[in-house]
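> Below is a structure I'd like to ask you about.
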Number of protein chains: 2
Amino acid sequence: MQRYFAQTKNRDNFVLNADDLFHIKTVMRMTDGDLIEVVYQNNVYICRLDNINGDIKVIIVKNLENIVKKDLEIVLAIPLVKEQKMDLILQKSTELGVNKIIPFIAERSIIKLTNDKEQNKINRWQRICKEASEQSKRVDIPIVTNVKSLKDLTNFEGQKLVCSTKKYVNSIKMFLQKQIDCDKLLLVIGPEGGLSEKEETYLVNHDFHQVTLGNRIMRVETVPLFLLSIINYEFME
Amino acid sequence: MQRYFAQTKNRDNFVLNADDLFHIKTVMRMTDGDLIEVVYQNNVYICRLDNINGDIKVIIVKNLENIVKKDLEIVLAIPLVKEQKMDLILQKSTELGVNKIIPFIAERSIIKLTNDKEQNKINRWQRICKEASEQSKRVDIPIVTNVKSLKDLTNFEGQKLVCSTKKYVNSIKMFLQKQIDCDKLLLVIGPEGGLSEKEETYLVNHDFHQVTLGNRIMRVETVPLFLLSIINYEFME
């Protein structure tokens with residue numbers, strides 16, 4: 001069943017946004033009586049569509065159980081990268097369970113973002129996460145924050161990790177296998193060319209653990225997918 | 001250092017193909033005396049460029065050690081999917097260490113491939129794997145085979161795995177953790193909508209292990225990246 005997120009709930013119906021209504025009518029070509037899933041505040045509702053050709057009504061049929069499980073909260077800090085790579089990271093990270101994405105400016109980031117364009121970008125990124133959440137049937141949408149500096153990242157409360165290209169540091173496996181009680185994890189990824197020595201040292205001096213991802217040389221957009229996959233795996237039952 | 005694969009080696013130099021020579025001259029704008037890495041039969045050579053503006057010479061300076069380690073051989077069987085998804089799968093799977101990719105026709109594959117177009121497609125796919133191998137500094141290039149049927153897959157000698165959407169089957173983690181001595185592994189992935197009940201049963205009757213990848217709902221192109229990531233992780237030291 002197709003899934004949509006709603007921002008507003010009335011007593012017996014939901015209000016969906018214009019993009020979603022367009023998707024229902026024009027892309028999915030649904031008709032009166034068709035059922036959809038609507039997620040509202042981490043709850044899933046089965047709803048029936050009515051009056052499709054006018055002012056569409058999304059009527060609640062059934063409130064499914066709240067199926068949110070309090071998992072490990074995973075936050076990814078992603079350097080500004082080219083649009084296509086960022087889109088891939090956002091879509092795939094959402095599928096693989098990320099909770100928050102923090103875009104940040106690294107010394108070697110090629111992409112610069114002016115203040116006036118930042119909010120547009122963030123809206124666009126947030127929309128990609130919403131659509132990927134619907135597709136992968138999540139009951140929550142990852143949050144994309146404003147663009148941060150490296151310094152901002154050090155305020156994070158929880159376990160902090162920086163992916164290093166150094167060989168002598170611990171493997172990510174050694175780190176993850178010790179995180180039985182961890183409930184919040186921040187993962188910082190470097191841009192093309194990696195974080196500078198200075199940046200990495202700065203993070204280490206602020207309680208970040210340096211880890212190596214092994215011997216493979218991955219493109220920057222592959223790293224988050226790798227990290228989220230192995231975190232899913234490590235905490236799989 | 002930029003890496004290229006060579007097909008032909010003379011006593012003290014290599015012959016590169018036209019695409020690579022174009023890349024050297026026009027994309028990288030290299031000049032006489034610049035060094036590149038050339039991989040030939042799993043060996044890495046440092047080479048010096050000469051006569052860039054004429055008939056380019058790629059002269060061997062040094063033969064680095066053979067750094068191929070006999071790892072687990074990973075074969076992915078991928079249903080025919082749309083071009084953009086296939087490209088992503090090929091590029092990312094190469095980065096993450098796949099050894100062979102077998103495109104196959106599943107009952108629910110949307111894409112059909114006529115015989116006359118098949119060889120062109122395979123050449124294109126092989127080229128994507130070559131470029132990704134260069135970028136990720138591999139010393140080998142994954143092989144893309146002809147398009148196969150489900151029946152062809154059953155001939156594989158080694159451990160055989162099919163990703164299932166069933167809930168009661170073993171997790172991939174339970175399976176991988178037992179594969180200490182495994183040296184060849186075939187992973188079969190379903191198309192959008194999954195393999196049919198009949199297809200899955202057919203594979204199980206031919207010694208395939210059914211495994212679940214957990215609770216996440218992933219797009220078809222995300223599954224190979226997830227699988228290869230966790231295999232790297234499981235066998236990481």
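The values are calculated or read from the model by the stated rules, or taken from the named source; none is laboratory data. None of the values given here were measured: they were computed from a predicted structure. Every residue, glycine as well, gets a Cβ built from its backbone with ideal geometry; the counts of neighbours run over all protein chains shown. All accessible areas refer to the heavy atoms of the entire protein, side chains included, with ligands and DNA or RNA removed. Shrake-Rupley method; radii C 1.70, N 1.55, O 1.52, S 1.80 Å.
> Just one of the numbered conditions (1) without any contact (Cβ under 8 Å) to a residue 60 or more places away in the chain; (2) within 13 Å of A:Ile74 (Cα to Cα); (3) in contact with a strand residue (DSSP E or B) (Cβ under 8 Å, 6 or more places away or on another chain) is not true of A:Leu203; which one?
Checking A:Leu203 against (1) without any contact (Cβ under 8 Å) to a residue 60 or more places away in the chain; (2) within 13 Å of A:Ile74 (Cα to Cα); (3) in contact with a strand residue (DSSP E or B) (Cβ under 8 Å, 6 or more places away or on another chain), the one that fails is (2).
> Still on this structure, please answer the following. Return only the number of the condition from (1) surrounded by 22 or more Cβ atoms within 10 Å (Cβ to Cβ); (2) farther than 23 Å from A:Leu227 by Cβ; (3) not aromatic (Phe, Trp, Tyr) that B:Lys92 does not satisfy.
The single condition B:Lys92 does not satisfy is (2).
> Of all the residues that make up the range B:72-125, how many are in a loop (DSSP other than H, G, I, E, B) and within 14 Å of another protein chain (Cβ to nearest Cβ)?
5
> Looking at B:Leu186, B:Leu176, can you tell me which residue is at negative phi and within 19 Å of the chain's Cα centre (by Cα)?
Sole residue among the options that is at negative phi and within 19 Å of the chain's Cα centre (by Cα): B:Leu186.
> In the range A:4-17, which residue that is closer than 17 Å to A:Glu131 by Cβ and at pLDDT 90 or above is most open to solvent (accessible area, probe 1.4 Å)?
A:Asn17
> Return the residue satisfying two criteria in turn: it lies in the range A:1-46 and is in a helix (DSSP H, G or I) and of a type in the set (Asp, Glu), and of such residues it is farthest from A:Arg124 (Cα to Cα).
The qualifying residue farthest from A:Arg124 (Cα to Cα) is A:Asp20.
> Tell me the residue from A:Ile59, A:Ile101 that is open to solvent by less than 40 Å² (accessible area, probe 1.4 Å) and touching a Lys or Arg at 6+ places or on another chain (Cβ under 6 Å), please.
Only one candidate passes the filter, namely A:Ile59.
> Oh, and also: Being surrounded by fewer than 21 Cβ atoms within 10 Å (Cβ to Cβ) and under 19 Å from B:Phe226 (Cα atoms) narrows it down to one of B:Lys112, B:Lys85, so name that one.
B:Lys85 is the lone residue from the list that is surrounded by fewer than 21 Cβ atoms within 10 Å (Cβ to Cβ) and under 19 Å from B:Phe226 (Cα atoms).
> In the range B:192-237, which residues are over 22 Å from the mean Cα position of the chain (by Cα) and assigned to a helix (DSSP H, G or I)?
B:Glu197, B:Lys198, B:Glu199, B:Glu200, B:Thr201, B:Tyr202, B:Leu203, B:Val204 - these are the residues of the range B:192-237 that are over 22 Å from the mean Cα position of the chain (by Cα) and assigned to a helix (DSSP H, G or I).
> Also, I was wondering about something else. Which residues, taken from the range B:180-205, are open to solvent by 20 Å² or more (accessible area, probe 1.4 Å), touching a Leu at 6+ places or on another chain (Cβ under 8 Å) and closer than 20 Å to B:Lys100 by Cα?
B:Cys182, B:Asp183, B:Lys184
> Still on this structure, please answer the following. Could you say which residue among B:Val169, B:Val162 is under 23 Å from B:Asn99 (Cβ atoms) and either in contact with a strand residue (DSSP E or B) (Cβ under 9 Å, 6 or more places away or on another chain) or not in a helix (DSSP H, G or I) (or both)?
Among B:Val169, B:Val162, only B:Val162 is under 23 Å from B:Asn99 (Cβ atoms) and either in contact with a strand residue (DSSP E or B) (Cβ under 9 Å, 6 or more places away or on another chain) or not in a helix (DSSP H, G or I) (or both).
> Go through (1) of a type in the set (Lys, Arg); (2) touching a residue at least 40 places away in the same chain (Cβ under 8 Å); (3) under 29 Å from B:Thr94 (Cβ atoms); (4) within 14 Å of another protein chain (Cβ to nearest Cβ) one by one and return the number of the condition A:Lys166 breaks.
(4)
> Now for a different question. Restricting to the range B:126-153, and then to whatever is assigned to a helix (DSSP H, G or I) and basic (Lys, Arg), can you tell me which residue is surrounded by the fewest Cβ atoms within 10 Å (Cβ to Cβ)?
B:Lys151
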